[in-house]
Structure formats: structure tokens, C-alpha cells
Amino acid sequence: MTELDIDKGRQNAIISYITIIGVIIAYYMNNEDDKKSAFASFHIRQSLGLWLTFFALGYIIGNFNSWLITSAFYLFFAVLFIYGFINAISRKAQAVPLVGSFYQKIFANLGS
């Protein structure tokens, strides 16, 4: 990724971490022909994977009647979202720990 590509896609990368709606908005903004950015695509894949995993596991974790389990779940995903968001702000294309490379493989055709 070049500096020009990062500058072009930084805004979409940041938007993608702000709710699941932000992922959809960033995806469509990045798919415009003149604004296509590999940096934004990288972060869109990361945040989409995080949001989908959050909702899928959140549904299951919500059935537990333990504040310890649910608070640990929310804390874990908060740390992952903050890590990805800070990387987008600081212009780094670094995968989130544990699951980031998995998301890159699953959503490889998304935004390429």
C-alpha cells in the first residue's frame, strides 16, 4: 500500500469501525471507481468480521446468566475494536489479534 492509497482510504477505514452501518457505508464509498483503496478494503474486512462475530457470539453469550461471562465478552470485543480503530487512525494495515488474518481470508473477495 502506498501513501496515496492510505490517504485515499483512511476516511473509509475509520468509518467502517463505527457500527455495522458504518461498514456498509464504507464498503459502498470504497467501491466507487475513483476511490478504490486497498487500505480501506483491509479495514472494511476487519471490521465486518468483528461485527459479524460480535453479533453471532453475542446472541449465544446473551443466554448465559452470568455477568462475569458477558462482561468479559464485551471487554474482549471492545479491545479488538479499539485496536482496529487505532490502526485505521494511525495509518497501519495491521490485523487484529487472534482473528484478523482469518477475516482477511474469509472476506478476500470483498472490496478487492
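Every number in this text was worked out from the coordinates using simple rules, so none of it is lab data. These numbers come from a predicted model, not from an experiment. Here the Cβ is made from the backbone with ideal geometry for all residues, glycine too, and neighbour counts use every protein chain on show.
Taking a sphere under 14 Å around the Cβ of F85 and counting the other residues whose Cβ falls inside, with K and R at +1 and D and E at -1, yields a net charge of +3. Among the trypsin sites (Lys or Arg not before Pro) in the stretch 9-78, those placed in a DSSP loop whose Cβ has at most 16 other Cβ atoms within 10 Å are K36. Membrane-span-like helices in the chain, defined here as complete DSSP H runs extending at least 30 Å along the helix axis by their C-alpha atoms with mean Kyte-Doolittle hydropathy no lower than 1.6, are 67-89; this is a sequence and geometry rule, not a statement about a membrane. Would you mind classifying the chain by shape? Square roots of the alpha carbon gyration tensor eigenvalues, ordered a ≥ b ≥ c; an a/c under 1.5 is rounded, otherwise it is prolate if a/b is larger than b/c and oblate if not. Taking the square roots of the gyration eigenvalues as a ≥ b ≥ c, the chain is prolate. With springs only between Cα atoms under 10 Å, which of A95, A40, A78 fluctuates most in a Gaussian network model of the chain? Of A95, A40, A78, the most mobile in the Gaussian network model is A78. Largest mean-square fluctuation among N87, N31, N63, in a Gaussian network model of the chain whose springs join Cα atoms under 10 Å apart, belongs to N63.
Placing +1 on each Lys and Arg Cβ and -1 on each Asp and Glu Cβ, with no other charges, gives the stretch 3-106 a dipole about its Cα centre of roughly 180 debye.
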